[in-house]
1. Which residues, taken from segment 1-18, are more than 14 Å from Q60 (Cα to Cα) and modelled with pLDDT of 85 or more?
2. Please go through segment 140-161 and pick out each residue that is among the hydrophobic types (A, V, I, L, M, F, W, C) and open to solvent by 30 Å² or more (accessible area, probe 1.4 Å).
3. Give the residue, chosen from D123, D66, that is modelled with pLDDT under 95, exposed (fewer than 13 other Cβ atoms within 10 Å of the Cβ), within 29 Å of D30 (Cα to Cα) and acidic (D, E).
4. If I filter segment 55-78 for residues that are β-branched (V, I, T) and in contact with an Asp or Glu (Cβ under 8 Å, 6 or more places away or on another chain), do I get at least one hit?
5. For residues that are open to solvent by 60 Å² or more (accessible area, probe 1.4 Å) and touching a residue at least 24 places away in the same chain (Cβ under 8 Å), tally how many sit in segment 175-187.
6. Considering only residues that are aliphatic (A, V, I, L, M) and surrounded by fewer than 16 Cβ atoms within 10 Å (Cβ to Cβ), look in segment 74-108 and name the one that is nearest to Y165 (Cα to Cα).
7. With the checklist (1) open to solvent by 70 Å² or more (accessible area, probe 1.4 Å); (2) modelled with pLDDT under 90 in hand, flag the one item D171 doesn't pass.
8. Looking at segment 23-40, which of its residues are modelled with pLDDT of 90 or more and open to solvent by less than 90 Å² (accessible area, probe 1.4 Å)?
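The values are calculated or read from the model by the stated rules, or taken from the named source; none is laboratory data. Since this is a predicted model, take the numbers as computed values, not measurements. Cβ atoms come from the backbone with ideal geometry, glycine included; neighbour counts cover every protein chain shown. Heavy atoms of the whole protein, side chains included, go into the accessibility calculation; ligands, DNA and RNA do not. Shrake-Rupley method; radii C 1.70, N 1.55, O 1.52, S 1.80 Å.
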Amino acid sequence: MSARRTANEELTREAILDTARQLFIENGYDKTSMRQVATELKCSHGAIYYHFKNKADLFQAVVSYDFSKLDILIDEIMATDSQPLEKCREILLKYIKFGLQNKSHYEMMFMLKDQEVQGYLQDHPNQSYEKFADALHLLTNGQMTIKNMWCLFLSLHGFVSYYCYTSQTFDDVQVLAEAHVAFLMKGM
């Protein structure tokens, strides 16, 4: 048995979320336990329960944390002094960059097929899409139709999904990502 953390080695909420995310992706929701998370972190399972009441609560926290990171990116872009079309371009490119720099996060957010976890995702994907769509609607003065906005989102998701299961990083495909965004911008 491996040594457990001492009291001086503070167990952070973020460390728990990162470890749990990886285990949920590798093993699936059903086959991941709070004890496994604790074992991976070399702490007692009670330490995990100090932060999260159960596995569903932990899963919900992982997903909420990831969606909040994506939402913050949009908020930061919207707060800049850039021109509206430049903000649109930045949102599209940052979406791709987020997905490829955080592949395991993105997979948890949008690509898990486990039926049990779908209930725990609640409305996060829809709320995130609404934030994305509202920003683009505002930046294009309402010129984009709902159908076009959805197609744009699916095109971004397809790009990220395609590279999510490769070893390529955002830096490896940045030129392609920029070309993809430029192509999508023509339709705006």
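1. Looking only at segment 1-18, we keep the residues that are more than 14 Å from Q60 (Cα to Cα), and these are 1-12, 15.
Answer for segment 1-18, where residues must be more than 14 Å from Q60 (Cα to Cα) and modelled with pLDDT of 85 or more: T12, A15.
2. Of all residues in segment 140-161, those among the hydrophobic types (A, V, I, L, M, F, W, C) come to 144, 146, 149-154, 156, 159-160.
I146, W150, C151, L154, listed by residue number.
3. On the way: D66 fails: exposed (fewer than 13 other Cβ atoms within 10 Å of the Cβ).
Criteria check complete, one pass: D123.
4. So far as segment 55-78 goes, yes, one or more of its residues are β-branched (V, I, T) and in contact with an Asp or Glu (Cβ under 8 Å, 6 or more places away or on another chain).
5. Within segment 175-187, residues that are open to solvent by 60 Å² or more (accessible area, probe 1.4 Å) and touching a residue at least 24 places away in the same chain (Cβ under 8 Å) number 2.
6. Narrowing segment 74-108 to residues aliphatic (A, V, I, L, M): 74, 77-79, 85, 91-93, 96, 100, 108.
When the remaining residues are screened for being surrounded by fewer than 16 Cβ atoms within 10 Å (Cβ to Cβ), the result is 79, 85.
Numbers: A79: 33, L85: 31 Å.
Only one residue tops the list, namely L85.
7. Failing condition for D171: (2).
8. L23, T32, S33, M34, Q36, V37, A38
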